[in-house]
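The structure appears below as structure tokens.
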Amino acid sequence: MQEDVVGTLRSTFSKTNSVVICARCSKATRKRDAHVIQSNVLSESNSEFEYVCQDCQKALASGEKDLPLL
């Protein structure tokens, strides 16, 4: 479902306003507003880096930790 939303947003906006999905909360965020962070070793991502939205960046910067899913 997120891919459909991102596809629609990408076709609506120009390439300078491209949209990415936050790796932490799955919220669609403009790429220029997103922050790049190093990928977590326990995440399912194959990438070394991921995008996070501004809210998640602030939470992580204030010391909030994500617990691994069991």
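The values are calculated or read from the model by the stated rules, or taken from the named source; none is laboratory data. Source: prediction; values computed, not measured. Glycine also receives a Cβ, built like all others from the backbone with ideal geometry; neighbour counts cover every protein chain displayed.
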Legend entry - Every residue from segment 1-49 that is assigned to a strand (DSSP E or B) and at pLDDT 85 or above: 19, 20, 21, 28, 29, 30, 35, 36, 37, 49
Inset, instruction - Under 9 Å between Cβ atoms, at least 6 apart or on separate chains: pull out the pairs that start in segment 48-64 with a residue that is surrounded by fewer than 16 Cβ atoms within 10 Å (Cβ to Cβ) and end on any residue that is assigned to a loop (DSSP other than H, G, I, E, B) and modelled with pLDDT of 90 or more. - result: 54/34; 55/22; 55/25; 55/27
